[in-house]
Amino acid sequence: MSNKIDIDGDNAAKNYGAMSTLAQVCATIAQSFLLVGLGMELTMSTIVIQDLYNNPKSEFSLTTEEVSWYGSILFVFHPTGSFLSGFLQERFGRKRCMVLANVPSIFGWIMLYYTHSVVSLYASTVLMGLSIGFSEAPILSYVGEITEPRHRGTMASLATTAGMIGMLLIYILGYFFEWRIVALLSTLCPITCICLVMLIPESPLWLIANGKNEKAKKSLCWLRGWVKPEMVKAELLELIRYNEVSGTRNGKVKIEKNNISSKLAQLLDPAVYRPFRLVMIVFFISYIVCLLPSKPYFSQIMNEVGLSEDRSLLFVIFAVLQNIGCIILVLSVKHLGKRFLAVMSVSINTILLILFGLYIMALKNGYTESTPWIPTMILSGISLFGTSISTLPWMLVSEIFPNKSRGVAAGSCAALSYLLMFILTKSYLIVEINLTLEYTMLLFGGIGIFGLVYLYFYLPETEKKTLLEIEEYFK
């Protein structure tokens, strides 16, 4: 395939003006508190492990095996929540599922605050995993369905930026407070999210799909800048038409059934499994080149490369750089497109991973003395430039699946992505022990080269394309 893959079609979206943009930003920010919580929950294990790993002075400590499980068990229960939410959001709506997803998160943070054993530590993580998994599908579906094509990339990147903000918050709180206090303060995030999500409208597309056209009109009026119904009449008709033709083949609409087997059968449709395959490969590439499998064990990696001092401060710096990368992404994706930013991100991170591996190799073999600024700059670069590729799969999930299959496809995709993350995180220590750190980094760099070739040939540009145009491309 050519490196200039694109999706043909005219963008018929109406430009409503600044108030429409403001309304979509408000809705995106409200639901993004779920992703802030996601970032906090994903990062909390790093703070806890730093304090409890082989620490005889703590109330209880974690062994290497327990650290391995604690760092990865979160991702075991993500798929359960993601898979279930893929079905439940089609029945109860995106908004209700987003509200419900915060409940286990609240109990998880409270349990973590009161934990006094490894078992209760695991239990709190299980609750957080269910919460994150349950929230993924409705979040991804919601952003793709409420935004205009001209804003979809920006809003999706804004939503995924929230996860980076959550990581930064945990590192900042961990720098100033003990981990139990951090857990207690973190309960404010899901509580705030529930309050804000209650204020935003339901997805117009979901309302239309469930025969609630009048409510869809009111929702669309809200999302397009609190305008009068006649202003959204044309777009409402377009959405009704899209709902009718989405998922059709050769002009025939598929008969829908509500049982689970028929929902799963939708994944076999080429319009679903082709983008599904693309997204899963991009997930794998992004996890590797951004060093996400090693995140729970980052303290040990920093010790090995001579960065044992001021680790908490360095965590904050890396998180700040991730957020700067997110800001750059939000501002540039509309102009440069997702494809260019993804290829650039993988290219830079692949080079940095190879340099990191070579530096560690030179350090261990006595070819160079420990020079802390070198690994600091490399890890800072990975944090800054990895943002585009790490957010790309989530942006794609919000827009590339047909409307009639979006719920189950997005939920299944999120479920498998976290199952993949569990496998990579759980096996990371085994890989590092057998290959050593330097060769593990070189292996990751090699995977980055594969990822670069794959993205160059198979990743289409979806920026500024309507949902129907994207669906037609994958057919």
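The values are calculated or read from the model by the stated rules, or taken from the named source; none is laboratory data. Everything quoted here is computed from the prediction, not taken from an experiment. Using ideal geometry, Cβ is built from the backbone for each residue, glycine included, and neighbour counts are taken over all protein chains shown. SASA here: full protein model, heavy atoms, side chains in, ligands and nucleic acids out. Shrake-Rupley method; radii C 1.70, N 1.55, O 1.52, S 1.80 Å.
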Legend entry - Among (1) open to solvent by 60 Å² or more (accessible area, probe 1.4 Å); (2) part of a helix (DSSP H, G or I); (3) at pLDDT below 85 - the single one residue 284 does not satisfy: (3)
Inset, instruction - Tell me, please, whether a residue that is in contact with a Phe, Trp or Tyr (Cβ under 6 Å, 6 or more places away or on another chain), modelled with pLDDT under 90 and surrounded by 15 or more Cβ atoms within 10 Å (Cβ to Cβ) can be found in the stretch 316-335. - result: yes
Inset, instruction - Would you list the helices (runs of 4 or more DSSP H) that sit entirely within the stretch 159-247 and hold 2 or more residues that are open to solvent by 20 Å² or more (accessible area, probe 1.4 Å), in contact with a helix residue (DSSP H, G or I) (Cβ under 9 Å, 6 or more places away or on another chain) and touching a residue at least 40 places away in the same chain (Cβ under 8 Å)? - result: 179-186, 188-197, 233-245
Legend entry - Hey, residue 58 touching a helix residue (DSSP H, G or I) at 6+ places or on another chain (Cβ under 9 Å), open to solvent by less than 50 Å² (accessible area, probe 1.4 Å) and free of Cβ contacts under 8 Å to residues at least 60 places away in the same chain or not: yes
Inset, instruction - Looking at (1) more than 28 Å from residue 151 (Cβ to Cβ); (2) touching a helix residue (DSSP H, G or I) at 6+ places or on another chain (Cβ under 6 Å); (3) free of Cβ contacts under 8 Å to residues at least 40 places away in the same chain, find the lone condition where residue 350 falls short. - result: (3)
Legend entry - Selection count, the stretch 23-39, where residues are over 13 Å from residue 98 (Cβ atoms) and open to solvent by less than 10 Å² (accessible area, probe 1.4 Å): 3
Inset, instruction - Identify, by number, the condition in (1) open to solvent by less than 10 Å² (accessible area, probe 1.4 Å); (2) of a type in the set (Ser, Thr, Tyr); (3) modelled with pLDDT under 85 that residue 124 doesn't meet. - result: (3)
Inset, instruction - Select the helices (runs of 4 or more DSSP H) contained entirely in the stretch 1-106, then report the ones holding at least 2 residues which are among the small types (Gly, Ala, Ser), under 30 Å from residue 216 (Cα atoms) and modelled with pLDDT of 85 or more. - result: 18-52
Inset, instruction - Could you please give the count of residues in the stretch 294-315 that are surrounded by fewer than 17 Cβ atoms within 10 Å (Cβ to Cβ) and hydrophobic (A, V, I, L, M, F, W, C)? - result: 1
Inset, instruction - Could you check the stretch 377-475 for helices (runs of 4 or more DSSP H) lying wholly inside it with 2 or more residues that are open to solvent by 40 Å² or more (accessible area, probe 1.4 Å)? - result: 406-458, 467-474
Inset, instruction - Read through the list (1) more than 18 Å from residue 43 (Cα to Cα); (2) under 17 Å from the mean Cα position of the chain (by Cα), then give the number of the only condition that residue 309 fails. - result: (2)
Inset, instruction - For residue 48, work out the one condition from (1) crowded, with 23+ Cβ neighbours inside 10 Å; (2) under 23 Å from residue 417 (Cα atoms); (3) out of contact with any Ser or Thr (no Cβ under 6 Å at 6 or more places or on another chain) it doesn't fulfil. - result: (2)
